[in-house]
Amino acid sequence: MDAPPNLGILMEQLLKRARECAQALKKQDEIKIVSHVDADGLAAASIICRALNKMEISNEIKIVKKLDLPVMQSVSGANAVMFTDLGSGSLDLMDDLGPVCIVADHHQPAGSSEMAFHLNPHLFGFNGATDLSGSGATYLIARALGDNVELSDLAVVGAVGDLQHVREGRLRGVNRLILDEAEKNAIVRAEKDLQAFGRQTRPVHKLLEYTSSPFIPGITGNSAQILELLASLNIELKEEGEWKKWVDLSSAERRSIISALIQRCLTAGMPPVRVQNLVGEVYTLLKEEPGTVLRDASEYATLLNATARYSFEKIGVDVCLGDRGGSYRKANELLLMHRENLVRGLNYVKQTGVTTLSNLQYFHAGDYILETIVGIVAGMCKNLEGVDRHLPIVGLANSDEGVKVSARGTQSLVERHLNLARAMSEAAHSVGGVGGGHDIAAGATIPEGTEAEFLKNLNRLVAQQVS
């Protein structure tokens, strides 16, 4: 992969580090891969697994929620360990590990960054929340191993799963280079379209009904209004007895619907900056079958999350490795359950409301929302009535290891110097927990009973950052 001149020396240094990591991998006979339990992590582990398989280098994947001493001890006997989509916040745990360690991560580094085989965009002047995902960093290493351009679609899926396209409505930075390579090789197609989940799989009227980012006045959740709108635009909803999906519509039909939705939002007084979020870049995976979940990067990422969040991460990895049989069918079943749980969680927050402090708002779901999806629910809450879009939102849920905390900010707060990774890490540490992540989204695990003190400290730290 060549670096365009506008990315300059920093990009060259990033690619040089990727080549160094690749050289370290080539010297190994067996490698253990440890990756994070989300769409980006599953895509990352699968990328390097497929690249190593092509070279006939033995490898084994282990998917974990976080890096801790037990995880490190479980891989201590290996000759080489590669950490993907995690590791940068746990470099101190690798000092005495023994094996060769390679880290391909994008979360903000903590501790020493002098590790020889540490690939992270933050070390090279890029933002790990927007410029390069964990799967993207892993793809750079896979690309340095050989001609693995066919894996670029998984890097795009991982970046979209990590919401790296949301801030600007399109992938940017190093992600853009990977996307460009995927488009050049007819692997992915990027185009501007309605930013709604289910373009490949949902009937048009259902896609509009469930659109929530942004919330469309009179449309979101209102099936009668949707049918009336589509009828007024002369949109035929069925073809040969089958419901039409968004991708089945002509370009002219899509444009007329989008125009009507924009007009409706503006008439309802929605700020233009939020109306702009209706349209953005979407990514079609051209090697996948049309009309399936895997054809759209956003839906593919959600499918992977559906396997990872319910301890069926191996199913997700198998899909990434090419299984379109039993694992794919099981993944679709998990996806249906995942969607139901997200709706259930969102309804819980809608009914119980959020508690607002001076610089943040939060909800504590206890056992009602799974700790593996509380962060997703928190991110979905921004359009609920009573939720202040100008404050970070924090979701808490019980877990076997204490209390899981997930925080989500906004781009405008980041521009005012919000850094949730640092704030969450410091607040968690103050009560005996651990935390980290990105400036706009971060997580933590804290001891049960320390929630009040944690939130007090987090509220103070956020105030200091954005004042």
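The values are calculated or read from the model by the stated rules, or taken from the named source; none is laboratory data. These numbers come from a predicted model, not from an experiment. Positions of Cβ are generated from backbone atoms using ideal geometry, with glycine treated the same way; all protein chains shown enter the neighbour counts. Remember, those area values only see protein heavy atoms, side chains included, never the ligands or the DNA or RNA. Shrake-Rupley method; radii C 1.70, N 1.55, O 1.52, S 1.80 Å.
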Grab the beta carbon distance between N53 and A116, set R0 = 25 Å, and tell me the FRET efficiency rounded to 0.05.
0.50
Under the rule of -39500 (n - 2.57) per DSSP H run of 4 or more residues, summed and divided by the residues of the chain, what mean residue ellipticity at 222 nm is obtained, to the nearest 500 deg cm²/dmol?
-13000 deg cm²/dmol
Label L286 and E242 with points 7 Å out from Cα along Cα→Cβ: what is the distance between them in nm?
2.3
Once fully extended, how much extra length lies between T352 and E415, figured as 0.36 nm per residue of separation less the alpha-carbon to alpha-carbon distance?
19.6 nm
Provide the gained length on full extension for the span V343 to E20, in nm with one decimal, where the gain is 0.36 nm per separating residue minus the Cα-Cα distance.
111.8 nm
Just in the stretch 306-385: which GluC sites (Glu not before Pro) are loop by DSSP and have at most 16 other Cβ atoms within 10 Å?
E385
Nearest-0.05 FRET efficiency for K66 and D96 at R0 = 22 Å, using Cβ-Cβ distance, is 0.70
Whenever you get a sec, compute what percent of the accessible area on the stretch 336-467 sits on carbon and sulfur atoms (1.4 Å probe).
50
Protection proxy (average C-beta count within 10 Å per residue), highest first, orders 443-451, 218-226 as 443-451, 218-226
With all protein chains present, calculate the accessible area of F312 using a 1.4 Å probe and round the result to the nearest 10 Å².
80
Using the heavy atoms of the protein chains and a 1.4 angstrom probe, tell me the accessible area per residue for the chain in square angstrom.
43
Is the shape of the stretch 338-442 rounded, prolate or oblate, going by the alpha carbon gyration tensor and its root eigenvalues a ≥ b ≥ c, with a/c under 1.5 for rounded and a/b larger than b/c for prolate?
oblate
On a 29 Å Cα-Cα criterion, which of the cross-link pairs K54/K330; K65/K244; K206/K382; K26/K330 come out too long?
K65/K244; K26/K330
Kindly flag which residue pairs out of K32/K404; K62/K404; K16/K404; K192/K287; K66/K287 have an alpha-carbon separation exceeding 25 Å in this structure.
K32/K404; K16/K404; K66/K287
Only one of the values [x] 21.9; [y] 28.5; [z] 37.4 was calculated from this structure for mean projected area of the Cα convex hull in nm²; name its label.
[x]
I want the antiparallel fraction of DSSP beta bridges within the chain, as a percent rounded to 5.
60
What accessible area, in Å² to the nearest ten, does a 1.4 Å probe give for L384?
30
